[in-house]
Amino acid sequence: MASIQDVCEQILQNVEKVIVGKRKEVSLTLIGLLCQGHILIEDVPGVGKTMLAKAMARSIGCNFSRIQFTPDMLPSDVTGVSVFNQQSREFEFRPGPIMAQIVLADEINRATPKTQSALLEAMEEQQVTVDGTTYRLASPFLVLATQNPIEYEGTFPLPEAQLDRFLLRIRLGYPAPPDEVLILEAQQFQHPIEELSQVVSVEDLLAAQEAIKQVYLDRELKRYIIDLVSATRAHDDIYLGASPRGSLALYRTSQARAALEGRDFVLPDDIKAMLEVTLAHRIIVGPAARIKDVTAEGIIADLVRKIAVPGATLGATRS
């Protein structure tokens, strides 16, 4: 686990040269990358969402692509298109921006559902199909999608099937005043992203992605995960609870968090820390509960208080 922690720490320190004062959020992004999942960043404009994706890509030497979603965008604008070459008399595939390793899907909720669905195959199966031909995407592959939680005019809410495919939903938030001063000083002459260099190899990251699967998680803690997820399906204020994909997300991200902390076993605190970011966006609160200002985050916090944690020394006492 020391090697995983070392790789992650190098990436974190490098990204923090650009994203100041947001170590928790950067760590969550790295957890998503380690788990080979995708991340939805729900926040207002100008807080560093694009820079976070660019800094992550440069730190590990991956190619980066940005897609600005608009209502008139077509699925082929995302996946690519086959063009007829008059010289060779054959169709040639012109890859779209999704054919990158780290993809920023900016303002994803501005695209029509048809265009949004073009991402589903890429996110779930790491491939795209154009004109009957399937093209594999390179590894690692991470989609960082953003949406503005305030402005709803001209937007198309993400369908539940697509929300469920995001491993995590995070919010960057505004920087603290002292951190914002550091941001101003760092950008006096040029943006820090221009000097950011690669600190780990893609091979190191791929090895770390495989290594976190070996992090031990006791059977009782697996039961604890299932108890928490099952409780969302039976809660009176919830119209639709978390899916089994939510259980898998909580399982895998708990392993990644333990590895980031330098442990080869998962503690209940790892599960609790990842609960809201992995499950809140998968839960639909009932209409009557919404009227009473009940939120998915509030329900999850209540479940953590009510559901008992199994054996307090599981990780420390295992043989």
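Throughout, read-outs are computed from the coordinates displayed, never taken from laboratory work. None of these values were measured; they are calculated from a predicted model. Glycine gets a Cβ as well: all are built from the backbone with ideal geometry, and neighbour counts include every protein chain shown.
Apply the a/c threshold of 1.5 to the C-alpha gyration tensor of region 215-311 and tell me whether it is rounded, prolate or oblate. Prolate shape, in that a/c is at least 1.5 and a/b is the bigger ratio. Between Glu194 and Asp269, what FRET efficiency comes out of the Förster formula 1/(1 + (r/R0)^6) with R0 = 41 Å and r the beta carbon distance, rounded to 0.05? That pair, Asp269 with Glu194, gives E of 0.60.
Extending 7 Å from Cα along the Cβ direction at Arg245 and again at Lys24 yields two label points whose distance is 2.7 nm. Dipole check for the chain: with +1 at the C-beta of Lys and Arg, -1 at the C-beta of Asp and Glu, and the Cα centre as origin, the magnitude is about 680 Debye. Given an 8 Å cut-off on Cα distances and at least 6 residues of separation, report the relative contact order of the chain as a percent. It comes to 22 percent, rounded to a whole number.
Cα centroid separation, region 183-233 to region 108-131: 24 Å. Helix 2-15 and the longest principal axis of the C-alpha atoms of the chain enclose an angle of approximately 60°.
Using R0 = 35 Å, the C-beta based FRET efficiency linking Leu184 and Asn63 works out to 0.70. Only lysine pairs 8 or more places apart, or on different chains, with alpha-carbon atoms under 23 angstrom apart are counted in the chain, and they number 15.
Neighbour counts of other Cβ atoms within 10 Å put His281, His235 in the fewest-to-most order His235, His281. Look at the alpha carbon pairs under 8 Å that are at least 6 residues apart: their mean separation over the length of region 215-311 gives a relative contact order of 35 percent.
For the residues Ser197, Ser247, Ser82, a GNM of the chain with alpha-carbon springs under 10 Å puts the largest fluctuation on Ser82. Multiplying the residue separation of Phe91 and Glu121 by 0.36 nm and subtracting their alpha-carbon distance yields 8.5 nm. Across Arg23, Arg305, Arg257, mean-square fluctuation computed from a Gaussian network of the chain (C-alpha pairs under 10 Å connected) peaks at Arg305. Between Val229, Val81, Val103, the Gaussian network model of the chain with springs among Cα atoms under 10 angstrom shows the greatest mean-square fluctuation at Val81. With respect to the chain, whose longest principal axis is taken over its alpha-carbon atoms, helix 244-260 is tilted by about 80°.
Calculate how many DSSP beta bridges within the chain are antiparallel, expressed in % of all such bridges and rounded to the nearest 5.
Just about 40 percent of them are antiparallel.
On the beta carbon distance between Val83 and Leu163, with R0 = 45 Å, the FRET formula returns roughly 0.85.
Between 0 and 90 degrees, the angle of helix 23-34 with respect to the longest Cα principal axis of the chain falls at about 70 degrees.
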